[in-house]
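Asker: Structure below; questions to follow.
Derivation of every value follows stated rules applied to the coordinates shown; laboratory data play no part. Because the structure is a prediction, the values reported are computed rather than measured. When we count neighbours, we look across all protein chains shown, and the Cβ atoms used for this are built from the backbone with ideal geometry, even at glycine.
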Amino acid sequence: MRAHLILILLVLFSVAASSQSFEKMRLLLRQQNFQAFKAYVDNSYSKQDVSFTWELLRTVVSGYQEGMVKVDAKDSTSRAKELYLYRLNLITSGNQIIFYDLQKKKIDDRSYMTFETEEIFRSEKAMSDLERKFKDIYTVDLNYNDLFQNSIVYGRHCGIAGENPEYLQKLDVLLENQDVEEISRWLKSANAEKQLYAIRGYKYLASQGYKLSEEEKGLLTIAGKKDGLVSVCSGCTYWSEDFQTVLSEISSSSVDDLKPEKPREMYGIGLGGHSARKKSYPFTTILGMSALFLISVYNLLKYIRSRRHATGKG
């Protein structure tokens, strides 16, 4: 009885502590002081109950940053020890938080994970200033769908099958078709990974004799001054890397490294971004399907034997 009571008290204490740390984060958000908020998030390793992880923190345009924070609440009663609870998107101007969207994870009846906004703040004047500055620099409207994106990955030959990421496949098609207009749109995007692919594309085009316009030269210079984290991959490894580090690798790449690759015969690569499978399948897919089939057969035979034993027929 005493052991059960102690366990209950420990769980209640853990929940209360988690709640305190989370409410502290929420309070700092509402105060809109970015440096104080960042210091609290960066020191989350010292908190035993809640951890905060920067998924994104990088330049949109000079003086403005976008950030994405993952919030994990540690639960001592859970075998996994962590439970992904919240996602926070924010935009800063200097030391001021001018936008944030605090989203709570939801699991629907079909076990799909979604995020539902629990609290949102937007400084209309500051955000209008950001939109105006973005258009002044890139001559296009700021597309908010390009912000808070961590699904676009910069890299080459990634995963078990060594496939190129979606946007490198797209870039190769654009280069083959000499579609400079679309590459220019990527350069003017608020998404840093798209801009890196555009910079890569322009470098290859220039090596093939393409003459950069003065506007393109200016935008490449501006984009090249960005900093912060981008999503990258190589082989089976995916991680966050500094924008300038990736930019340096592009700058030092040979023309052969930048040359568009022909899509593999088993894939139909289009600008829709999805790889359309044909009748041929990678070896790893065939192996996986075979393993699943053998496991199913084994379980079926095991079930039949157990039924026979239960009815006395074995």
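Asker: Using only the alpha carbon atoms of the stretch 117-273, find the Kirkwood hydrodynamic radius as the inverse mean reciprocal pair distance, in angstroms to one decimal.
Answerer: For the stretch 117-273, inverting the mean 1/r across all distinct Cα pairs yields 16.7 Å.
Asker: Arrange S231, S240 by Cβ neighbour counts within 10 Å, fewest through most, would you? If you can, show how the numbers build up before the last one.
Answerer: Working: S231 20, S240 16.
Lowest to highest Cβ neighbour count: S240, S231.
Asker: A further question on this structure: What list of ³J(HN,Hα) values in whole Hz, one per residue of the stretch 241-251 in order, does the Karplus curve 6.51 cos²θ - 1.76 cosθ + 1.60 (θ = phi - 60°) give from phi, with Gly and Pro shown as x?
Answerer: 3J(HN,Hα) across the stretch 241-251, in whole Hz: 10, 5, 3, 5, 5, 5, 4, 5, 5, 5, 4.
Asker: Also: Just from the alpha-carbon atoms, what are the Rg and Dmax of the stretch 82-196 in angstroms?
Answerer: Expressed in Å, the Cα Rg and Dmax of the stretch 82-196 come to 17.8, 48.
Asker: Pop a pseudo-label 7 angstrom from the Cα along the beta-carbon direction at both T237 and E23 and give the gap in nm to one decimal.
Answerer: Reported label-point gap for T237 and E23 is 4.3 nm.
Asker: Over the stretch 88-191, what relative contact order in percent results from Cα pairs under 8 Å that are six or more residues apart?
Answerer: 17
Asker: Return the Cα extents of the stretch 166-207 along principal axes one, two and three, sorted largest first, each rounded to a whole Å.
Answerer: 24, 21, 15
Asker: May I ask you to evaluate 6.51 cos²θ - 1.76 cosθ + 1.60, the Karplus curve with θ = phi - 60°, for each residue of the stretch 172-177 and list the ³J(HN,Hα) values in order in whole Hz, giving x for glycine and proline?
Answerer: So the J values, rounded to whole Hz, are 4, 5, 4, 5, 4, 8.
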